[in-house]
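Have a look at the structure below, then the notes.
The values are calculated or read from the model by the stated rules, or taken from the named source; none is laboratory data. Predicted model only: the values in this text are computed from it and were never measured. Using ideal geometry, Cβ is built from the backbone for each residue, glycine included, and neighbour counts are taken over all protein chains shown. Calculation scope for accessible area: heavy atoms of the full protein, side chains included, ligands and nucleic acids excluded. Shrake-Rupley method; radii C 1.70, N 1.55, O 1.52, S 1.80 Å.
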Amino acid sequence: MAGRHALLIATETYADPALRRLTAPGGDARALEAVLRDPSIAGFEVTTLIDRPHHVVGAAIGEFYRVRRRDDLTLLYFTGHGVKDDDGSLYLAMADTRRDSLMFTALAAELVDRAMAGCPSRQKVLVLDCCYSGAFPAGKLVKAGTDVHTLERFQGRGRAVLTASDATQYSFEGDAVVGSAARSVFTRHLVAGLQDGTADLDGDGDVTVDELYSYVHERVVAEMPRQRPKHQSDVEGRIVLARNPRWTVPEYLRHGLASPIAADRLVALEGLKRLNRVGNAVVRERTAAEIRKLAEDDSRMVSGAAVAWVAEETVAVPPPARPEPVIPAGQAAAPPEPVVVPPQVPPPVAPAVPRAARVAPAVPPARPLPKTPTPGEDGSEREVAVRNARFYFGSVGLTLVLLVAVLTVGVPGWLLLLLGVILAYFLVLGVLSLRRHSK
């Protein structure tokens, strides 16, 4: 059975004094954990690491991806500081990270990418709510550029990546922070869209990665125009992150169902049928209930369409299996009911008939054979042989005339040979016919 697993990583406390001056993620990871754990929403198995050193987090990420199976859904979330060195390499800052020793005190993005690449899961989601900075003075960042290129660092099959931003907001002049960024609103909208189901943009009862990104992007940009979330996906099909716990029939369908015009109700019926076809179990149950109500509609057109749908669904759904009896604890199971087999009654035997009384079945008379004509009657063999002999010798004469005419004109030798063969052929047939006539 496919599993749903999430690993959430957050760092609020840093050993480096300069990093402590930046915006901390606060309770973002804890809020996301509560939503993902909720069985009525997402039902993930969640592990959360807060303020842990880089080697502990690295080992946890390696194990997280190593034990997954092909059909598992994995979600890795990081909130904190992403630090870019002078060569452009990206590191995720942990509690023990120092800006002057990123290689040995921070978690390299390259290692996270390699761990994801080795995971057999076909649905891997990576969410980065990072506040990016340059590790050294702003003048040195020209070499590596100000963009982080997060999506390029985590490309691969079976992955969907969401990031809150892709540009550096901070740099350092010694221990002085240069630049500023408001507290991230990315995770706040991420949690809200999952928690109340508002990220279910198509109303089918499920929240996919693509829907969640569209929902968060619109609200983050409206609130923080300078912050631009980004997204990339290379997966087969869609990744369903959560269910809409507050799903109801969409408002436009409710208006159609309440309309006094039969055509509007018929359009609403088609919308309900579509949602029943593409929605999850909750959506199918509720839309089916609405369609059954339309079977009592005062419009024949509407009620007929609803009744036809109900009839098709009744035929398509097999009858439920007979439930097993529930036996209270400590009580012995009742013996099975005996199966009563009716006695086998032999079939009636017809009375014996005396040998003398038996009558042999009547044999139908044989059909007379068709009459064969005898010699001397119409079409006798002698007359046929005479006619054939005349035809063949006539053909011999015509061929001789043609041969003489050709010799006087002068023709190729192959034509003379062909006429000779034809002459011999008719001569032989004529002789055979005469012999048959003489018998």
If you go through the range 281-299, how many residues are open to solvent by 20 Å² or more (accessible area, probe 1.4 Å) and part of a helix (DSSP H, G or I)?
-> 9
Among (1) in contact with a strand residue (DSSP E or B) (Cβ under 7 Å, 6 or more places away or on another chain); (2) within 22 Å of L190 (Cα to Cα); (3) in a loop (DSSP other than H, G, I, E, B), the one test that R68 misses = (2)
For the range 108-128, name all the residues that are in a loop (DSSP other than H, G, I, E, B) and open to solvent by 20 Å² or more (accessible area, probe 1.4 Å).
-> G118, P120, R122
Which members of the range 237-275 meet the condition of being more than 12 Å from I291 (Cα to Cα), acidic (D, E) and within 32 Å of the chain's Cα centre (by Cα)?
-> E251
Write out, first by first residue and then by second, each pair whose Cβ atoms fall under 6 Å of each other, whose residues are 6+ apart or on separate chains, and whose first residue, in the range 244-272, is farther than 24 Å from D196 by Cβ while the second is among the acidic types (D, E) and in a helix (DSSP H, G or I).
-> G256/D264
Give the number of residues within the range 96-107 that are open to solvent by 20 Å² or more (accessible area, probe 1.4 Å) and under 30 Å from I239 (Cβ atoms).
-> 0
